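All remarks here apply to the structure that follows.
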Amino acid sequence: MPFAALLALAPFAELTTAYAMQTSTVRVGVNRLNLAWLTRSEQERILEEIAASGATNVRLSLSRPVDKSIEALAIASRLGLSILLEIQLSNKSFYAESARPRTGFGRIWDVHRLSDLDLDQYRKELRAALQRIDALGIRLEAIEPGNEINYAAYNGDLLVYREPSGRTPRTVADLKDRAAFERGLDVYVQAVEISREEVRATLHSRDAAVISAGLSDMAAQEADRRGMERLDPREVITLLRDRGIDGLVDAYGIHIYPGRIAPAALNARVTSLLDFCLTSALGKPCWVTEWGIANKARSCPIDDRRRESAIGAVRAAFGELMEAGRLTAAFYYDWDTEPSYSLWRCGKLSPAGAAAIRPAERGGASAR
């Protein structure tokens with residue numbers, strides 16, 4: 001029997017109950033994106049290291065080549081890791097051949113305009129991928145269509161300036177091409193609807209949470225320095241809510257990189273960035289699908305004491321929000337690829353890494 005037919009036999013209440021049970025769980029995990037670029041043996045080694053570290057949740061990507069992405073998902077599933085699947089909307093298979101990426105002027109990668117996303121092609125490609133994932137018996141804990149759609153590096157409807165100079169937009173009204181950006185948001189909401197429909201049509205992942213694209217927390221001053229348009233996450237969430245996103249997602253995605261500030265200031269910083277996250281009774285909670293604290297040291301053994309203190313402060317702030325039901329997941333970026341942020345240092349999990357991925361406690365009990 002087709003998966004869609006099986007789903008039709010299940011009462012809708014069963015799905016809502018399943019997700020209600022999930023939302024009572026707090027998830028703490030780690031990012032390891034772009035495993036599709038590696039050999040199978042490299043995928044095995046990295047995911048085995050993650051699983052052996054005690055991590056229970058991992059954010060992986062569905063990117064080209066899709067076959068290799070699915071291989072990594074199968075390994076993670078076999079190792080017992082719960083999977084948040086980031087669906088990379090930069091995949092050129094989702095766009096017409098005539099669509100041309102916006103230039104990054106050699107300072108950043110060229111990227112397609114979100115407004116050019118071919119929704120029919122997106123559905124076709126996503127359905128095929130999800131059916132293959134389902135046929136392998138893989139269960140997805142959650143899906144996250146898109147990444148940092150409020151930042152020019154990942155959304156071609158936002159501009160990269162030829163040369164960094166001057167002030168970048170502070171609000172949607174200031175964008176060079178506001179109409180294109182807003183068309184892109186319209187398309188994005190439709191893509192989320194398609195994503196929700198397609199994952200609900202699977203057998204193993206039909207109760208997966210749907211998370212909106214993790215938004216960049218980049219400050220306006222940093223955008224000025226880079227010469228790239230970006231918008232504040234609060235404003236973009238408001239624009240998406242106006243387009244009906246609340247009826248499609250189970251939580252809002254957000255990224256947090258608070259910088260090298262004193263641990264005492266981190267609580268205020270995190271709390272401020274997540275002020276739009278609400279309990280399920282009042283609105284939508286948040287998933288922090290990326291967060292990180294940098295340590296630029298390259299020596300071995302690594303001195304991770306300062307970062308460990310900062311990570312502890314961020315985790316304490318997250319803990320308060322998790323206890324209140326306003327934050328239900330946090331995934332550290334990154335496991336082993338980004339030199340400053342990685343947790344895997346000198347051939348092992350660093351002390352700061354252990355602090356970053358330790359299980360959350362909610363109501364006095366460790367949560368998985």
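Odds and ends about this structure:
- When the helices (runs of 4 or more DSSP H) confined to the range 259-368 are screened for residues that are out of contact with any His (no Cβ under 8 Å at 6 or more places or on another chain) and in contact (Cβ under 8 Å) with a residue 60 or more places away in the chain, those reaching at least 1 such residues are found at 305-323, 351-357.
- Checked against (1) at pLDDT 90 or above; (2) under 22 Å from the mean Cα position of the chain (by Cα); (3) open to solvent by 30 Å² or more (accessible area, probe 1.4 Å), residue 301 passes all but a single condition, namely (2).
- The residues of the range 100-115 that are in contact (Cβ under 8 Å) with a residue 60 or more places away in the chain and not in a loop (DSSP other than H, G, I, E, B), listed by number, are 114, 115.
- Within the range 219-234, considering residues that are under 18 Å from the mean Cα position of the chain (by Cα) and surrounded by fewer than 22 Cβ atoms within 10 Å (Cβ to Cβ), the one farthest from residue 25 (Cα to Cα): 232
- Test: residue 249 is of a type outside the set (D, E, K, R) and either within 16 Å of the chain's Cα centre (by Cα) or exposed (fewer than 13 other Cβ atoms within 10 Å of the Cβ) (or both): yes
- Filter result for residue 79 (more than 28 Å from residue 357 (Cβ to Cβ) and either crowded, with 20+ Cβ neighbours inside 10 Å or in contact (Cβ under 8 Å) with a residue 24 or more places away in the chain (or both)): no
- Members of the range 232-252 found to be touching a Phe, Trp or Tyr at 6+ places or on another chain (Cβ under 8 Å) and over 17 Å from residue 190 (Cα atoms), listed by number: 233, 234
- Of the residues making up the range 105-164, those that are hydroxyl-bearing (Ser, Thr, Tyr) and in contact with a Gly (Cβ under 6 Å, 6 or more places away or on another chain) number 2.
- Screening the range 1-94 for helices (runs of 4 or more DSSP H) wholly inside it with 1 or more residues that are at pLDDT below 95 returns the ranges 3-9, 12-23.
- Residue 197 being open to solvent by 30 Å² or more (accessible area, probe 1.4 Å), in a helix (DSSP H, G or I) and more than 30 Å from residue 315 (Cβ to Cβ): yes
- Within the range 221-243, residues that are farther than 17 Å from residue 253 by Cα and assigned to a helix (DSSP H, G or I) sit with their Cβ atoms under 7 Å from residues that are open to solvent by 70 Å² or more (accessible area, probe 1.4 Å) and not hydrophobic (A, V, I, L, M, F, W, C), at 6+ positions apart or across chains, in these pairs: 224/167.
- Selected residue [farther than 24 Å from residue 330 by Cα and modelled with pLDDT of 95 or more] from 248, 158: 158
- Selected residue (only one of 258, 233 is touching a Leu at 6+ places or on another chain (Cβ under 8 Å) and modelled with pLDDT under 95): 258
- Of all residues in the range 170-194 being in a helix (DSSP H, G or I) and among the β-branched types (Val, Ile, Thr), the one that is surrounded by the fewest Cβ atoms within 10 Å (Cβ to Cβ): 172
- Within the range 319-329, the presence of a residue that is farther than 19 Å from residue 256 by Cβ and over 19 Å from the mean Cα position of the chain (by Cα) is excluded.
- Selected residue (only one of 134, 157 is open to solvent by less than 10 Å² (accessible area, probe 1.4 Å), of a type in the set (Asp, Glu) and part of a loop (DSSP other than H, G, I, E, B)): 157
- Taking the conditions (1) open to solvent by less than 60 Å² (accessible area, probe 1.4 Å); (2) under 22 Å from the mean Cα position of the chain (by Cα) in turn, residue 241 satisfies each one other than (1).
The values are calculated or read from the model by the stated rules, or taken from the named source; none is laboratory data. Worth saying up front: this structure is predicted, and the values here are computed from it rather than measured. Here the Cβ is made from the backbone with ideal geometry for all residues, glycine too, and neighbour counts use every protein chain on show. Note: accessible area is taken over every heavy atom of the protein model, side chains too, but ligands, DNA and RNA are not part of it. Shrake-Rupley method; radii C 1.70, N 1.55, O 1.52, S 1.80 Å.
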